[in-house]
Amino acid sequence: MMLGQLTARAMANGRTVMASADLPAPPEQVFAALVTEEVERWWGSADSYRMTGWTADLRVGGSWAVSVRTADGRHLLAGGTFLEIEAPRRIVQTRRYDWDHPTLGRHETTLAYLLEPTAGGTRLTICHGSFEGFSEAAAEHAEGWARVLGWLQGYFGPAGRVAA
């Protein structure tokens, strides 16, 4: 895949969401963008939602939390626990909304980020599971992950330069 033609891909099978994108940045930069306050710089858009108040105790058993600020000004909390961390290659964490998500409620899911070095940067693969009994939520999250990966691609910009 040529870096000038990057696209994010995502799909769901009712239980698990898989998403993938090639990013023009090394794994160390992508890792930091996923698990530090850097999340607040790229995750979201003015017409949907933005991530604010990111906190993380980046260790196995450590917790993470974020506030999702919606376009209409609401603040919805989400968080979880880090289950595995192999910097800068792999992050596995739980994820749970602390509010009643329309299709998922407060059901806890498990999210894995896999970062693979490529000639042009990093291939990020997301495996978001534990959607058993929540197939509508899985389909919705597949669409969401494609959008999130697009934001991340835009953040790194061409040739791995972080967009201003």
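When you check L115 against the structure, is it in contact with a helix residue (DSSP H, G or I) (Cβ under 6 Å, 6 or more places away or on another chain) and under 18 Å from V35 (Cα atoms), yes or no? Yes: the conditions hold for L115. Give all pairs with beta carbons closer than 6 Å in which a residue from the stretch 6-17 that is touching a residue at least 60 places away in the same chain (Cβ under 8 Å) and more than 13 Å from C127 (Cβ to Cβ) meets a residue that is open to solvent by 70 Å² or more (accessible area, probe 1.4 Å) and polar (S, T, N, Q); count only pairs at least 6 apart in sequence or on separate chains. From residues that are touching a residue at least 60 places away in the same chain (Cβ under 8 Å) and more than 13 Å from C127 (Cβ to Cβ), the pairs are G14/S135. Of all residues in the stretch 76-87, those that are farther than 13 Å from A56 by Cβ have Cβ atoms under 7 Å from Cβ atoms of residues that are of a type in the set (V, I, T) and open to solvent by 70 Å² or more (accessible area, probe 1.4 Å), 6 or more apart or on another chain, in L83/V60; E84/V60.
Could you please let me know if G44 is open to solvent by less than 20 Å² (accessible area, probe 1.4 Å), among the small types (G, A, S), on the phi > 0 side of the Ramachandran plot and modelled with pLDDT of 95 or more? Yes. Would a scan of the stretch 21-37 turn up a residue that is exposed (fewer than 15 other Cβ atoms within 10 Å of the Cβ), touching a residue at least 40 places away in the same chain (Cβ under 8 Å) and farther than 24 Å from E136 by Cα? Scanning the stretch 21-37 turns up at least one residue that is exposed (fewer than 15 other Cβ atoms within 10 Å of the Cβ), touching a residue at least 40 places away in the same chain (Cβ under 8 Å) and farther than 24 Å from E136 by Cα.
The C-beta contact set for the stretch 103-128 (first residue at positive phi, second residue buried (at least 16 other Cβ atoms within 10 Å of the Cβ) and of a type outside the set (D, E), distance under 6 angstrom, 6+ apart or interchain) comprises G121/L23; G121/P24; G121/A25; G121/G160. The requirement of being closer than 18 Å to L124 by Cβ and either part of a strand (DSSP E or B) or of a type in the set (K, R) (or both) is fulfilled somewhere in the stretch 34-47, by at least one residue.
The values are calculated or read from the model by the stated rules, or taken from the named source; none is laboratory data. Computed from a predicted model, the values in this text were never measured in an experiment. Cβ: placed from backbone, ideal geometry, glycine included. Neighbour counts: every protein chain shown. Note: accessible area is taken over every heavy atom of the protein model, side chains too, but ligands, DNA and RNA are not part of it. Shrake-Rupley method; radii C 1.70, N 1.55, O 1.52, S 1.80 Å.
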